[in-house]
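Here's the structure we're looking at; comments come further down.
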């Protein structure tokens with residue numbers, strides 16, 4: 001079977017993916033109907049398996065509903081030349097598979113997180129010993145203070161930018177706010 005691929009351009013933002021007015025209902029079955037509604041039409045994303053886009057896909061807000069809506073619509077993978085950082089992280093967290101077009105450095109840990117269904121299912125399997133994460137292979141190099149802290153918290157001697165490591169954290173913060181349309 002051939003994938004049904006939706007081709008999009010650069011700078012598809014989170015409001016393009018799921019308009020803010022749809023954020024009053026967090027149900028994925030609701031959100032999937034409205035994914036990309038202003039770009040391709042209501043319910044049309046359900047007709048595709050793959051999204052291919054240009055640069056900066058998912059820019060805009062930190063709204064986690066954007067990758068949730070895409071995943072709920074049945075999109076198997078989103079391929080783009082680049083992703084907005086917060087969209088990339090939110091997608092990994094929920095298990096939406098992403099590929100950076102032209103990137104020979106696709107990260108196997110990120111792929112494993114998507115295959116496990118997201119960060120929480122991945123970590124459950126990792127803690128049960130069903131999945132192992134290879135230790136850092138970064139050789140000795142000068143590091144910033146932040147890199148030194150991350151290396152220590154992850155049990156590695158050295159880390160480098162772009163490397164995926166798991167670190168023990170002693171403080172984590174989160175916020176979420178949902179509000180209906182004004183006026």
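The values are calculated or read from the model by the stated rules, or taken from the named source; none is laboratory data. Computed from a predicted model, the values in this text were never measured in an experiment. Cβ sites come from the backbone with ideal geometry, for glycine too, and all protein chains shown count toward neighbours.
Here are the numbers:
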read-out: Qualifying residue in the range 146-165 (condition: within 17 Å of the chain's Cα centre (by Cα), over 22 Å from residue 18 (Cα atoms), surrounded by 12 or more Cβ atoms within 10 Å (Cβ to Cβ) and assigned by TED's automatic domain parsing to the domain that holds residue 51); value: no
read-out: Selection count, the range 120-131, where residues are closer than 14 Å to residue 93 by Cβ and surrounded by fewer than 16 Cβ atoms within 10 Å (Cβ to Cβ); value: 4
read-out: Test set (1) at pLDDT 90 or above; (2) under 26 Å from residue 67 (Cβ atoms); (3) not assigned by TED's automatic domain parsing to the domain that holds residue 72 - residue 124 fails condition number; value: (3)
read-out: Odd one out for residue 82 among (1) surrounded by 18 or more Cβ atoms within 10 Å (Cβ to Cβ); (2) closer than 21 Å to residue 31 by Cβ; value: (2)
read-out: Scope the range 102-130; condition under 24 Å from residue 87 (Cβ atoms) and not in a helix (DSSP H, G or I); matching residues; value: 102, 103, 104, 105, 106, 107, 117, 118
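Matching residues to (1) touching a helix residue (DSSP H, G or I) at 6+ places or on another chain (Cβ under 8 Å); (2) at pLDDT 90 or above; (3) farther than 23 Å from residue 68 by Cβ:
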position	(1), (2), (3)
103	no, no, yes
110	yes, no, no
129	no, yes, yes
140	no, yes, yes
165	yes, no, yes
